[in-house]
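One structure below.
None of the figures in this text is laboratory data; all of them are computed from the coordinates on show. Since the model is a prediction, treat every value here as computed from it, not as a measurement. Here the Cβ positions follow ideal geometry from the backbone for every residue, glycine too, while neighbour counts run over all protein chains shown.
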Amino acid sequence: MNNRLRRACLVVVLAVWTAACGGGEGGGDQADVPPTLAELTTGDNPGDPAPGTPAGLVPLMVGGVEIQVEVADDANERAVGLMYRESLPENQGMLFVYPGERPLGFWMKNTLIPLDIAYADAQGRIIDIQHMEPLTEDTYDSAGPAQYALEMNLGWFAANGVTIGDRIEF
């Protein structure tokens with residue numbers, strides 16, 4: 001697994017662990033301790049992609065539908081996103097990961113394909129879904145603070161019955 005994917009898996013595992021453990025409040029036994037970076041980046045572990053997953057793609061569930069995503073978890077990856085691509089395979093997308101919740105805004109400059117974007121909070125709960133037109137500089141702002149943004153082909157969320165309140169499961 002490459003370093004970018006390892007880093008993304010660590011961010012996702014820590015976010016899910018934090019949500020499951022009540023944000024780190026209270027006690028707990030050793031079973032509640034999240035894996036260390038070393039544990040996530042060595043050999044076979046729960047952070048590795050499922051067998052048969054193309055390199056660079058991470059499996060997720062969105063509203064009960066399995067998808068594969070590229071993870072953009074640093075400033076450079078988030079800045080480029082899906083720009084200059086001519087297509088996006090069915091049930092594949094890009095997950096943008098931020099260090100914490102904040103108002104997010106995306107534009108489609110240099111993005112050739114029409115996309116849907118779902119903004120999700122720190123628990124992975126979708127708070128907003130918008131349609132984005134290609135090659136525009138209009139800003140598509142999140143309806144509230146979000147930690148994740150998931151871009152999929154235009155109409156994907158509606159076609160798969162995914163709505164606000166559904167979850168992105170890591």
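A few comments on the model shown:
- The phi torsions of the range 96-113, fed into the Karplus equation with coefficients 6.51, -1.76 and 1.60 and a -60° offset, translate into couplings of 9, 10, 10, x, x, 5, 6, x, 10, x, 10, 10, 10, 4, 6, 9, 8, 10 Hz, rounded to whole numbers, with Gly and Pro shown as x.
- Each label was represented as a point 7 Å from its Cα along the Cα-to-Cβ direction; for residue 135 and residue 113 these points are 1.7 nm apart.
- Placing pseudo-labels 7 Å out from each Cα toward the beta carbon at residue 158 and residue 143 gives an inter-label distance of 1.5 nm.
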